[in-house]
There are 2 protein chains.
Amino acid sequence: MSELGDALRLAPSDTGWTGELSNDWAIGEAVNGGLLMALATTATARSSEQAGGHVGPLSFSGVFLSPGAPGRVDLEPQILRVGRSMTSAQVTVSQPVDGAPVERLRALLTLGDLDRYVEPVLKTVAAPEIPPPDKCVSARGAPPSSLTQSGFLKRFDARMDPATIGWATGEPSGDGEMRGWLRLADGAEIDAIGLLLVLDSFPPVSFDLGSVGWVPTVEFTGYVRGKPAPGWLQLRLRTEHVAGGLLNEDAQVWDSTGRLVAHSRQLASARFRALVE
Amino acid sequence: MSELGDALRLAPSDTGWTGELSNDWAIGEAVNGGLLMALATTATARSSEQAGGHVGPLSFSGVFLSPGAPGRVDLEPQILRVGRSMTSAQVTVSQPVDGAPVERLRALLTLGDLDRYVEPVLKTVAAPEIPPPDKCVSARGAPPSSLTQSGFLKRFDARMDPATIGWATGEPSGDGEMRGWLRLADGAEIDAIGLLLVLDSFPPVSFDLGSVGWVPTVEFTGYVRGKPAPGWLQLRLRTEHVAGGLLNEDAQVWDSTGRLVAHSRQLASARFRALVE
């Protein structure tokens, strides 16, 4: 089984589904939020299937309540509506702390048949032209030293466009943009649910604006627009408004055929060097 | 009291708050989703205040489960976490149908002190240059004839950039963009919660791509980035991917001082003339 498949393994429980969070997917002390989103979506799709609903993740919107830690995780989906073409659901993600559940993430999902929303394409946005993966910079050497020990970074083969990696050597461009390529380090292909993880896998765009330290997500909404073809995924992260330490981070993901397969926006808080010094 | 203030009036109920949906805010048969979002946010902010939490709407993410109809509406907020700088909450919006509650909207919110996230601005996006309101086209004459009787349109003074109004005379530009100005028809000013209504108040961007009929929202996420100054609000709506009848619609709102005060993305489904004919 692939590393990601292993991390998303779930067993039925009294209230829904249960799984295990591993340090392998942590950044610093916290398990990556994208992995929590992919787990929550996996659990919700299974509950939806049991209820006669849809299984493809069309939309995911979540608020992050506390950081995930290695150990048992409980997922409790609630199917709100099974419609003809879409199913709506809510899911809570919690972990037992001293015997009591502590909520990590609560999310609302829309599920449907992803293949139904692929053609015809009336408008889209093309992937930016960037150097090929072998001319890009591995992200493993890029992040601040405090994060280099993170298991999360080892799960991916991420290659950053050299034009958007200045922040790694203390020279952020100030543009607030990240571009590059991504695939899983173990060679496994990424499926539709995996795209939710991918959308939150790149270094935060605020690094390119001079932010320091962790950039916690307040709210995240991602839309999956199609199943990704095998191969490298191309990513672009941008922001349009950074004020008072809050910013939006918009991510786009194209598959190896050049098709936009997912996009997202998150609201995140960041500390900026210019404000700290 | 202003028309909007009147529409957002709530009374305490056994399970939260109750209000009244009016035909005055309907488009066709359905009460506008933006009004439901503003109502849900009003109720959640009041419950948060009672729980010692924050009251300013930072983020709103909701899934629409069924169309709102004129009549009683019940709002049931649940405060998930009161943090130092932010409060997280969930809210359900339902209406009694034959004595049983039917859910219209479920949403997750983040509340905080909006004034805290205004300065410094490290990056932003300027409002596009468009003709002033008196050189723009009133939206009341623009929509398809089936919608001209809608109460909703009478609540606003909306002025569309002539360059993005071709669809009203059967000549959509195909760009998928709407630009213009907005204020309330009765002259009342719009506050932070009102921005959630504003984000969903313009004709859908899909009209500019040749869509016909109603464009139901599947999921909507809006971020309020500051309290709006009095006066005209400027709007721009765009999309980046329209495929298989699903599209994202991204809205931006600037206040009369030129500051970006809100932005949103929604996933919506549309029927396109090119596909219908």
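Only the coordinates and a few stated rules stand behind these numbers; no lab work does. Bear in mind that the values here come from a model prediction, so they are computed numbers and not experimental data. Using ideal geometry, Cβ is built from the backbone for each residue, glycine included, and neighbour counts are taken over all protein chains shown.
Values as computed for the structure displayed
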{"item": "Taking A:V97, A:V215 and counting other C-beta atoms within 10 Å, the order from fewest to most", "result": "A:V97, A:V215"}
{"item": "Distance in nm between pseudo-label sites at A:V102 and A:K154 (7 Å out along the Cβ direction from Cα)", "result": "2.5 nm"}
{"item": "Efficiency of FRET from Cβ geometry, B:S85 and B:A126, R₀ 25 Å, rounded to 0.05", "result": "0.30"}
{"item": "Stokes-Einstein D in µm²/s, Kirkwood radius over Cα pairs - segment A:1-45 at 20 °C with 1.002 mPa s viscosity", "result": "194 µm²/s"}
{"item": "Debye, to nearest 20: dipole size of segment A:133-276, +1 on Lys, Arg Cβ, -1 on Asp, Glu Cβ", "result": "120 debye"}
{"item": "Simple label model, 7 Å out from Cα along Cβ direction - B:S66 to B:A11, nm", "result": "2.4 nm"}
{"item": "Top positive-direction residue, dipole computed over the protein assembly as shown with Cβ charges, set B:L111, B:C136, B:T217", "result": "B:C136"}
{"item": "Principal-axis tilt of helix B:33-50 within chain B, Cα atoms, nearest 10 degrees", "result": "20 degrees"}
{"item": "Semi-axes of the equivalent ellipsoid for chain A, Cα gyration tensor, largest first, Å", "result": "29, 23, 17"}
{"item": "FRET efficiency, B:M1 to B:A229 (Cβ-Cβ, R0 22 Å, nearest 0.05)", "result": "0.50"}
{"item": "At 1.306 mPa s and 10 °C, Stokes D of segment B:133-276 from Kirkwood alpha-carbon radius, µm² per second", "result": "104 µm²/s"}
{"item": "Relative contact order computed over chain B (Cα-Cα under 8 Å; 6+ residues apart), in percent", "result": "17 percent"}
{"item": "Global form of the protein assembly as shown, assessed from the alpha-carbon gyration tensor, a/c cut-off 1.5", "result": "rounded"}
{"item": "Cα-only Debye scattering, segment A:3-113: base-10 log of I(q)/I(0) at q = 0.14, 0.18 Å⁻¹", "result": "-0.50, -0.82"}
{"item": "Charge dipole of segment A:3-113 about the Cα centre (unit charges at C-beta), most positive-ward option of A:T42, A:P12, A:S85", "result": "A:S85"}
{"item": "Proximal lysines to B:K154, defined as alpha-carbon separation beneath 30 angstrom and excluding residues fewer than eight positions away on the same chain", "result": "B:K135, B:K227"}
{"item": "Dipole magnitude of chain A about its Cα centre (Cβ charges: Lys, Arg +1; Asp, Glu -1), debye to nearest 20", "result": "400 debye"}
{"item": "Inter-label distance, nm, simple model (7 Å from Cα along the C-beta direction), B:K135/A:A51", "result": "5.3 nm"}
{"item": "Estimated dipole of segment B:3-115 in Debye, rounded to 20 [Cβ of Lys and Arg +1, of Asp and Glu -1, Cα centre]", "result": "380 debye"}
{"item": "Förster-model FRET efficiency, 30 Å R0, B:D113 and A:Q78, C-beta, rounded to 0.05", "result": "0.45"}
